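Structure first, commentary second.
The values are calculated or read from the model by the stated rules, or taken from the named source; none is laboratory data. Values in this document were obtained by computation on a predicted structure and should not be read as measured data. Virtual Cβ from ideal backbone geometry, glycine too; neighbours counted across all protein chains shown. Heavy atoms of the whole protein, side chains included, go into the accessibility calculation; ligands, DNA and RNA do not. Shrake-Rupley method; radii C 1.70, N 1.55, O 1.52, S 1.80 Å.
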Amino acid sequence: MIEFFTEAFEPTFMQRALLAGLVAVVATSIVGTWVVLRGLSFLGDALAHGVIPGIALAVLWGFSPVVGAFLSALVMSGLVTAVSARTTVREDTAIGLLFVGMLALGVVIVSRARSFTIEVTALLFGDVLGVTRDDIRTQAIAAAIVIAVSVIFYRPFLALTFNSDKALTLGMRPGLSQAVLLSLLALSIVASFQAIGTLLVFGLLVGPPATAMLLAKRVPTIMAIAVVSGAIAVTLGLVISFHYNTAGGATMAGLSVLQFFVVFIAQGILASLRDRPPTPATA
């Protein structure tokens, strides 16, 4: 059994893939905790798709996909805030409109090229085995920013999550906190798309924090458990991908979701066993 794991990580490219996946987990788990607590999962999914136009333009025009993805995510998050704040349209409607619009724009941009290139496909669906040291360095910088800002804005984020009106009365500027949180969400998505793809990053963004919420109540504990859960999904996903030739990003994202249902079912079974009346003794 040990050889099953060690053999998978003997190649250098697999070691880089593991490191990239683990760094991605740190960023997505921390931001994902706030996303799940605030019920912003739909926004997270929309942003994961909203970066596609920026990536497509970056690939076609020859500049950094990271820059393109981040600018695209910031544009979308800004438009969501503007539309929901200045019109009578609900936030979820604004997200849905921009979700479809940005995805359509990305497809249109890609369709202008002669073919849907392998490079674009890798950016959309992930190429964890092709991650370079520079990619990991960029991810590490992004993860460090996510951690630092999350520590600085911990109290404003907490107040915004559970009582935004009270946050306003306490002078915590919920509008600023919301903008910072959306920026961190965009940054975590951009930092992770190289490893698992923009279409699959949502799995790590929501799966581990949702699993952690079944096991803990305090926010720091939820974040810690989410990181561990995500790390397990990444490690097992890469091992399965190596031995059974499955798509690395999809396998990791799928396992992160599977963990939630495993814990959910296990808790249901344990609860039913606790509630079962004792069997009466027989002579």
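Observations on the structure shown:
- Surface composition of the chain: carbon plus sulfur atoms hold 68% of the accessible area, using a 1.4 angstrom probe and ignoring ligands, DNA and RNA.
- Residue-normalised accessible area of the chain, given per residue in Å² at a 1.4 Å probe: 51
- Choice from 202, 42, 70 showing the highest fluctuation, given a GNM over the chain with Cα pairs closer than 10 Å: 42
- If R0 equals 51 Å, the separation of the Cβ atoms of residue 275 and residue 67 corresponds to a calculated FRET efficiency of about 0.40.
- Principal axes of the stretch 19-113: Cα extent on each, largest first, Å: 37, 37, 16
- The alpha carbons of the chain give a radius of gyration and a Dmax of 20.4, 84 Å, in that order.
- Using just its DSSP H runs of length 4 or more, each adding -39500 (n - 2.57), the chain gives a mean residue ellipticity at 222 nm of -27000 deg cm²/dmol after division by all residues.
- Under the span-like rule (Cα at least 24 Å along the axis, Kyte-Doolittle mean at least 1.0), DSSP H helices of the chain: 12-37, 65-86, 91-111, 133-152, 174-196, 219-244, 248-275
- Using a Gaussian network model of the chain in which every pair of alpha carbons under 10 angstrom is joined by a spring, one finds that among 133, 38, 86 the greatest mean-square fluctuation is at 86.
- Residues 34, 61, ordered by accessible area of protein heavy atoms at a 1.4 angstrom probe radius and largest first, appear as 61, 34.
- Distance from the stretch 53-86 to the stretch 217-269 (C-alpha centre basis), Å: 29
- Here the Gaussian network model covers the chain, with springs between Cα atoms less than 10 Å apart; of 215, 238, 184, 215 fluctuates the most.
- Remark: spin-label model distance residue 9-residue 93 equals 5.0 nm, labels positioned 7 Å along the Cα→Cβ axis.
- √(5λ) per eigenvalue of the Cα gyration tensor, the stretch 1-58, largest first, Å: 31, 18, 8
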